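A.B. asks: One structure coming up, written as structure tokens, with questions to follow.
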Amino acid sequence: MPVHQPGRRLMHFVPLEFVHKKVTGHGGRATNAGLSLTSMIDFLIVVVVFLLMTFSASGETPPAKGIHLPEAENTLDMIDAPMVAINGSQILVDGAAAGNTHAIEDAKRLQRIEELFNTLKGKRELWTQLHPGKPFPGVVVLQVDQDVPAIVVKSTFQTAAFAGFPNVSFMVGNIPKSK
Amino acid sequence: MAGVDVGGGGKGKRSLDSEINMIPFIDLLMVTIAFLLITAVWSHMARVNADAQVPGPPRPDQEQEKVEPEKVLHLEMRQPDKFTIVWKQGAQVVTSIDVPRKDDLKETNGAKKIRFPDLAAKIQEEWNSSGSHRAAGDKKLDQAVLHTDNDTQYVYIIGVIDAIYQTHRKLDVGGKSEEVPAFNVTFAVN
């Protein structure tokens with residue numbers, strides 16, 4: 001018996017004629033469509049290049065829980081720095097508690113937040129030990145809830161400056177420029 | 001099977017052509033796309049800068065050179081109906097201008113936004129006429145000091161800082177001209 005190329009077998013024995021026609025492609029428009037491999041690979045490579053260019057290895061630090069950030073137009077790109085988060089009641093440094101806002105609000109005067117000061121000072125000393133001979137950048141990023149009163153913001157700003165972080169940045173949501 | 005000719009090859013030598021298997025190649029591209037899409041960051045956070053590193057009072061143990069104090073823009077936002085822009089040179093008030101304040105607070109998905117376009121335009125105008133560091137070769141920035149009362153919400157402070165940073169100037173960096181904010185903002189402690 002001569003050996004010959006096997007033909008199509010799949011879905012050849014469907015008893016219902018209209019189903020048979022549909023699945024085998026006879027009597028109607030074919031369900032399969034040809035695709036140019038060159039164009040497809042070009043497209044995939046362009047997508048890969050675009051995604052690679054927009055890829056950020058460091059990711060993005062999301063705002064701490066319970067913090068709604070205000071939005072601004074004239075902004076700078078985020079930087080990697082210690083993060084001080086201030087929600088309605090707590091002050092956190094990189095997620096660890098470092099003070100309470102109620103005490104500042106009740107005092108109604110600008111003051112140094114001792115817990116925050118000690119935490120930031122500790123971070124500065126650690127950085128100096130890890131990078132001997134290098135100038136300390138003194139950068140800190142504040143994530144402040146949009147409804148926090150100015151007295152808390154100013155006290156935190158001043159405390160950060162006292163602790164050796166004079167370059168303070170406020171984290172905001174970025175919105176496109178209106179003009 | 002589909003293949004890709006990578007070129008080359010000579011007479012009598014082993015061919016430099018080789019065929020790349022398309023299926024794993026496309027699989028690799030697909031997996032790369034999937035990975036990059038999953039790890040992509042779609043929401044963009046940014047920052048506005050405020051610098052506490054401003055010139056302090058002179059040290060009493062050192063003899064100071066007589067230096068003319070620079071003009072500093074003080075922005076007063078304590079009044080609910082107006083902003084006051086004051087240019088000061090040391091303790092001396094050079095000029096003072098009031099700008100009507102219209103608070104148009106907008107909230108989208110919990111995020112508040114406030115713009116002060118009139119204030120931004122006035123600051124731009126003031127800097128154009130009175131700014132000390134307007135030359136592109138000048139590395140220093142003009143100083144703006146923000147005065148708020150203790151109860152002002154943070155969103156309003158950001159709105160005002162945003163208005164100050166709307167004023168831009170050219171700065172020559174390494175032979176290139178860049179657009180940078182004209183002011184460096186800090187807070188008044190009082």
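The values are calculated or read from the model by the stated rules, or taken from the named source; none is laboratory data. Predicted model, so just to flag it, every value in this text is computed and none were measured. Quick reminder, even Gly has a Cβ in these numbers, built from the backbone with ideal geometry, and neighbours come from all protein chains shown.
A.B. asks: Picking from A:Ala85, A:Ala81, which residue would you name as being within 14 Å of chain B (Cβ to nearest Cβ), under 25 Å from B:Ile164 (Cβ atoms) and not in a loop (DSSP other than H, G, I, E, B)?
C.D. replies: Among A:Ala85, A:Ala81, only A:Ala85 is within 14 Å of chain B (Cβ to nearest Cβ), under 25 Å from B:Ile164 (Cβ atoms) and not in a loop (DSSP other than H, G, I, E, B).
A.B. asks: Among the residues of region B:100-123, which ones are of a type outside the set (Gly, Ala, Ser), closer than 15 Å to B:Phe83 by Cα and under 22 Å from the mean Cα position of the chain (by Cα)?
C.D. replies: In the first step, residues of region B:100-123 are kept if they are of a type outside the set (Gly, Ala, Ser); the result is B:100-109, B:112-119, B:122-123.
Restricting the remaining residues to those that are closer than 15 Å to B:Phe83 by Cα gives B:100-104, B:114-119, B:122-123.
B:Ile114, B:Arg115, B:Phe116, B:Pro117, B:Asp118, B:Leu119, B:Lys122, B:Ile123 - these are the residues of region B:100-123 that are of a type outside the set (Gly, Ala, Ser), closer than 15 Å to B:Phe83 by Cα and under 22 Å from the mean Cα position of the chain (by Cα).
A.B. asks: Out of curiosity, is B:Asp149 closer than 18 Å to B:Ala50 by Cβ, surrounded by fewer than 17 Cβ atoms within 10 Å (Cβ to Cβ) and within 8 Å of another protein chain (Cβ to nearest Cβ)? It would help to see each step written out before you state the result.
C.D. replies: Numbers: closer than 18 Å to B:Ala50 by Cβ: yes; surrounded by fewer than 17 Cβ atoms within 10 Å (Cβ to Cβ): yes; within 8 Å of another protein chain (Cβ to nearest Cβ): yes.
Yes.
A.B. asks: Residue check: is A:Leu116 among the aliphatic types (A, V, I, L, M), touching a residue at least 40 places away in the same chain (Cβ under 8 Å) and more than 14 Å from chain B (Cβ to nearest Cβ)?
C.D. replies: Numbers: among the aliphatic types (A, V, I, L, M): yes; touching a residue at least 40 places away in the same chain (Cβ under 8 Å): yes; more than 14 Å from chain B (Cβ to nearest Cβ): yes.
Against the criterion (among the aliphatic types (A, V, I, L, M), touching a residue at least 40 places away in the same chain (Cβ under 8 Å) and more than 14 Å from chain B (Cβ to nearest Cβ)), A:Leu116 qualifies.
A.B. asks: Restricting to region A:123-179, count the residues that are more than 10 Å from chain B (Cβ to nearest Cβ), basic (Lys, Arg) and part of a helix (DSSP H, G or I).
C.D. replies: 2
A.B. asks: Same structure again: I'd like the full set of residues that are polar (S, T, N, Q) and surrounded by fewer than 23 Cβ atoms within 10 Å (Cβ to Cβ), limited to region A:130-156. If you could, list the steps in order and put the result at the bottom.
C.D. replies: Restricting attention to region A:130-156, the residues satisfying the condition of being polar (S, T, N, Q) are A:143, A:146, A:155-156.
Scanning region A:130-156 gives a single hit, A:Gln143.
A.B. asks: A follow-up question, please. Please indicate, with yes or no, whether at least one residue in region B:157-178 is more than 8 Å from every other protein chain (Cβ to nearest Cβ), in contact (Cβ under 8 Å) with a residue 60 or more places away in the chain, buried (at least 16 other Cβ atoms within 10 Å of the Cβ) and over 19 Å from A:Asn167 (Cβ atoms).
C.D. replies: Yes, the conditions are met somewhere in region B:157-178.
A.B. asks: Among the residues of region B:40-55, is any among the aromatic types (Phe, Trp, Tyr) and at pLDDT 90 or above? Reasoning before the result, please.
C.D. replies: Filtering region B:40-55 down to residues among the aromatic types (Phe, Trp, Tyr) leaves B:42.
With at pLDDT 90 or above added as a condition, the list becomes none.
No, the conditions are met nowhere in region B:40-55.
A.B. asks: Would you be able to tell me the number of residues in region B:86-131 that are in contact with a helix residue (DSSP H, G or I) (Cβ under 8 Å, 6 or more places away or on another chain) and of a type in the set (Phe, Trp, Tyr)? Explain how you work it out, then say what you get.
C.D. replies: First, pick out the residues of region B:86-131 that are in contact with a helix residue (DSSP H, G or I) (Cβ under 8 Å, 6 or more places away or on another chain): B:87, B:94-95, B:97, B:99-103, B:105, B:112-117, B:119-120, B:123.
Remaining after also requiring of a type in the set (Phe, Trp, Tyr): B:87, B:116.
Here the count works out to 2.
A.B. asks: Check whether at least one residue in region A:140-151 is closer than 22 Å to B:Asn150 by Cβ, modelled with pLDDT of 90 or more and small (Gly, Ala, Ser), and report yes or no.
C.D. replies: The answer is yes, given that some residue of region A:140-151 is closer than 22 Å to B:Asn150 by Cβ, modelled with pLDDT of 90 or more and small (Gly, Ala, Ser).
A.B. asks: Please state which one of A:Pro63, A:Pro70 is more than 7 Å from every other protein chain (Cβ to nearest Cβ), under 20 Å from B:Ile158 (Cα atoms) and in contact with a strand residue (DSSP E or B) (Cβ under 7 Å, 6 or more places away or on another chain).
C.D. replies: On the way: A:Pro70 fails: more than 7 Å from every other protein chain (Cβ to nearest Cβ).
Within the list A:Pro63, A:Pro70, the selection yields A:Pro63.
A.B. asks: From the residues in region A:88-113 that are buried (at least 20 other Cβ atoms within 10 Å of the Cβ) and not hydrophobic (A, V, I, L, M, F, W, C), which one is nearest to the other protein chains (Cβ to nearest Cβ)?
C.D. replies: Restricting to residues being buried (at least 20 other Cβ atoms within 10 Å of the Cβ) and not hydrophobic (A, V, I, L, M, F, W, C), the top hit is A:Thr101.
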